[in-house]
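First up is the structure itself, then whatever we jot down about it.
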Ligand code: TYC
């Protein structure tokens with residue numbers, strides 16, 4: 001875009017500066033009651049981790065209090081949180097799952 005001296009330099013900058021989509025990490029929180037096997041199942045089923053990765057993430061949450069399950073666009077992250085919470089409540093577990101800006 002040529003500069004016509006009427007502000008088109010600003011227009012050019014705005015045209016070229018394409019914002020990346022904001023990304024959100026889905027985080028599982030530790031608690032004293034949810035079975036380790038349930039958390040591993042959640043990480044495999046909803047986040048497509050294999051058994052080994054799911055087990056490592058679960059143990060990290062168990063020891064450190066929280067852990068990242070994956071990074072997604074806002075809508076996908078929100079859906080993951082809802083699916084995890086629905087599965088946990090259905091199974092009677094207090095598991096907490098949140099999303100936050102990555
Ligand atoms: N702390 C739980 C237990 O000892 C296991 C657990 C791990 C729970 C990760 C929640 O997000 C969690 N049974």
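Considering only residues in the stretch 14-46 that are more than 12 Å from the ligand (Cβ to nearest atom) and at pLDDT 95 or above, the one that is farthest from residue 94 (Cα to Cα) turns out to be 23.
Considering the conditions (1) touching a strand residue (DSSP E or B) at 6+ places or on another chain (Cβ under 7 Å); (2) assigned to a loop (DSSP other than H, G, I, E, B), residue 34 is excluded by exactly one of them, (1). Would you check if there is a residue in the stretch 89-98 being free of Cβ contacts under 8 Å to residues at least 40 places away in the same chain, out of contact with any helix residue (DSSP H, G or I) (no Cβ under 9 Å at 6 or more places or on another chain) and under 28 Å from residue 19 (Cα atoms)? Checking the stretch 89-98: not a single residue is free of Cβ contacts under 8 Å to residues at least 40 places away in the same chain, out of contact with any helix residue (DSSP H, G or I) (no Cβ under 9 Å at 6 or more places or on another chain) and under 28 Å from residue 19 (Cα atoms). Would you point out the residue of the stretch 46-56, among those that are touching a helix residue (DSSP H, G or I) at 6+ places or on another chain (Cβ under 8 Å) and loosely packed, with under 14 Cβ neighbours inside 10 Å, that is farthest from residue 76 (Cα to Cα)? By that ranking, first place goes to 51. Of the residues 72, 38, the single one that is surrounded by 18 or more Cβ atoms within 10 Å (Cβ to Cβ), in contact with a helix residue (DSSP H, G or I) (Cβ under 7 Å, 6 or more places away or on another chain) and either in contact (Cβ under 8 Å) with a residue 12 or more places away in the chain or under 20 Å from residue 87 (Cα atoms) (or both) is 72.
The values are calculated or read from the model by the stated rules, or taken from the named source; none is laboratory data. This one's a predicted model, so the numbers in the text were calculated from it and none came from an experiment. FYI the Cβ positions are ideal-geometry reconstructions off the backbone, even for glycines, and counts take in every protein chain you see.
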